[in-house]
Every structure is written in C-alpha cells, then in structure tokens.
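The values are calculated or read from the model by the stated rules, or taken from the named source; none is laboratory data. Treat the numbers as computed from the prediction; the structure is a model and nothing was measured. No Cβ is skipped: glycine too gets one built from the backbone with ideal geometry, and neighbour counts run over all protein chains shown. The area values use the complete protein model at the heavy-atom level, side chains included, leaving out ligands, DNA and RNA. Shrake-Rupley method; radii C 1.70, N 1.55, O 1.52, S 1.80 Å.
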Amino acid sequence: MDKIADLVTGEAILQWLIIFLLLAYFVYKEYPEFKRRITGETKKELKEEDAIERLSKVEQRLDDIDRKLDSDFRSLELLQRCESEDKELMNESLTEREIIIRALLAIIDGLHQLGANGPTTAAHEELTTYLSKKAHKL
C-alpha cells in the first residue's frame, strides 16, 4: 500500500483531475456537434432512401401514364381511320344518291313525255326543284 500511496501524489491527482476536466469540457463542447453529425448523416440517409422511394413511385406513375397514352393514341388512330372510312362511304353514298335521283328524274321525265300526268308531273317538278336548289348550294 505504501507503494501505491507513493505513486498517488497530489501532483498526479491534480494531473488526472485536469485530464478529467479537459475530457468533460471536450465532451460538453464537442458532443452536440458530434451527435448532430451522426444524426445528420442518418437523416440524410433516410432522406436519400425516401427520395429513392418517391422517385420509384414517380417512375411507376410515369410508366402508367405512358401506357395510357399509348392506349389512347391507338384508340385515336382507330377513330381517325374509321372517320376516314366513313367520309369515303358518305361521299360514295352521296354520288350514288345523286345518280339515283337523276335516273329517277329521267324515268319520270320519260313517263311525262309518254303522257302520264298527275303525280308524275308533281314528282317531275319536285325533283327538278330539288336538283336546282342543290346545284345552287354547291
């Protein structure tokens, strides 16, 4: 015990006390900064993970939008094709109706020349009036 008492002098205790106080002061001053750095890195990692998750959700939504646009584009092309075909059919139908009306006028005119009166004369007048109005509209 005497050896220990000889080693533990007032000067050694004072040195250890100074070391302890410096360590306490260092922990007191630097611990908040150290904690902030560790917590900040953890928060940063969490933010990065959150950003990656949000980015993947946005990419999924963009893929959904892309699929919807592709579907809508195909539907639009089909509608345009159908509209084009309908216009062609309508033009053909108008031409056919015009031919039929002219043929009907020729038949009624022939009947009128053969002496058929009454409804033939009225139909002849209606057809000529109709064709005349139609020609003026064009």
Problem - Net dipole in debye of the chain [+1 Lys, Arg Cβ; -1 Asp, Glu Cβ; about Cα centre; nearest 20] - result: 420 debye
Practice task
For the chain, with all protein chains present and a 1.4 Å probe, just round the carbon and sulfur fraction of the accessible area to a whole percent.
Solution key: 62 percent
Problem - Area of Lys87 that stays accessible when all protein chains are in place (1.4 Å probe, Å², to 10) - result: 120 Å²
Practice task
Quick one: check the C-alpha center-to-center distance for the range 32-111 versus the range 122-138, whole angstrom.
Solution key: 45 Å
Exercise for the section: Treat each spin label as a single point 7 Å out from the Cα along the C-beta direction, and report the Leu69 to Ala106 distance in nm. Expected result: 5.7 nm
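How much area per residue is accessible in the range 9-108 when the probe is 1.4 Å and only protein heavy atoms are counted (Å²)? Don't jump to the answer; show the numbers that get you there.
Working: 9380 Å² over 100 residues.
About 94 Å² of surface per residue is accessible.
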Exercise for the section: Provide, for the chain, the number of lysine pairs with alpha carbons under 27 Å apart, each pair being eight or more places apart or on different chains. Expected result: 12
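May I have the convex hull volume per residue, in Å³, for the Cα set of the chain? Let's see the in-between values first.
Working: hull volume 26.9 nm³, N = 138.
Spread over its residues, the Cα hull of the chain gives 195 Å³ apiece.
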Completion exercise
Between the residues Asn117, Ser71, Leu127, the Cα farthest towards the positive end of the dipole of the range 36-138, that dipole coming from +1 and -1 charges on the beta-carbon of Lys, Arg, Asp and Glu, is from Ser71
